[in-house]
1. For THR146, list long-range residues whose amide hydrogen, built 1.01 Å from N in the peptide plane, is under 5 Å from its own amide hydrogen.
2. Taking the Cα atoms only, what angle lies between the long axis of helix 66-83 and the longest principal axis of the chain, rounded to 10 degrees?
3. Evaluate the charge dipole of the chain about its Cα centre and quote only its size in Debye, nearest 20, assuming +1 on the Cβ of each Lys and Arg and -1 on the Cβ of each Asp and Glu.
4. Tell me the label only: which of (i) 9, 29, 26, 20, 12, 4, 0; (ii) 10, 41, 38, 11, 0; (iii) 9, 24, 28, 25, 11, 2, 0 is P(r) over Cα pairs in 10 Å bins from 0, in percent as calculated from this structure?
5. Could you go through the stretch 40-52 in sequence order and give the Karplus-derived ³J(HN,Hα) for each residue, using 6.51 cos²θ - 1.76 cosθ + 1.60 with θ = phi - 60°, rounded to whole Hz, and x for Gly and Pro?
6. Determine the principal axes of the Cα atoms in the stretch 67-162, then give the extent along each, sorted from largest to smallest and rounded to whole angstroms.
7. Taking the simple approach of a point 7 Å from Cα along Cα-to-Cβ for both ARG125 and LEU52, what is their distance in nm?
8. What do you get for the angle between helix 115-124 and the principal long axis of the chain? Use alpha-carbon atoms, 0 to 90 degrees, nearest ten.
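Please treat every number below as a calculation from the coordinates, not as lab data. Bear in mind that the values here come from a model prediction, so they are computed numbers and not experimental data. Methodologically, a virtual Cβ is constructed for each residue, glycine included, from the backbone with ideal geometry; neighbour enumeration extends over all protein chains shown.
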Amino acid sequence: FAYVNRRHLPGLKQPIWGWMGRKDAFEMAAGYEPAPGIRSFLSGTPAIFGMLAMRGTLDLIEETGMAAIRRKSLNLTAYAVQLYEAWLEPLGVELASPRDPELRGSHITLDHPAFRNVTAALWERDVIPDFRAPHGIRIGLSPLSTSFAELFRGMAAIRDLLHP
C-alpha cells in the first residue's frame, strides 16, 4: 500500500514491474506499458483477504480526507514536542526529530541513555514505542487511531520511568 500525492506521480517510475501495474493487465500482451497514475505501482497479485481488512481504514481515509489527517498529525507531533519540552527535556532527553513540523512525518524520536530499559518498562505498561539503537525511542502517532489522551499517557509514562 502506498500513498503518493498526485503532483508527484508524473516524475515517478515503478522499478518493479508486475502484471497488475500494466495498462492492459488482463490482455497478457507482450511488452510492458505501465498503467496510468498510481496503478502503475501495483506489482503483483494482491492478497484479497489482506485487502479486505484494509477496507474500513481506506473508507475512513476517504471520509476524513488527507488534509484533516495531516492536520491531526501536525497537532499530535506538536503536542508531543510540547510535552517533551515540559517534562523530558529537563530530564536530559534529547529531541532527535526536526523541530520544524514540515520536516517530519507523524512521529518523533527521543534520545536518552536509559531508553533501552525504559522501552521494556513501557511495554509492560501497554505503551508501545519503537526502540531505535543506540538509545532512541520512536513514538509513532497515527492520526486516525491515536488520541491526544493516549499521547499524554505515553509521555507521562516515559517521564515517570525516568524520574520516579
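1. none
2. Once rounded, one gets 20 degrees.
3. The calculation lands at about 340 debye.
4. (i)
5. Using θ = phi - 60°, the values come out as 5, 8, 6, 10, x, 6, x, 7, 4, 5, x, 5, 4 Hz.
6. 37, 25, 23
7. Each label point lies 7 Å from its Cα, and together they span 4.0 nm.
8. 80
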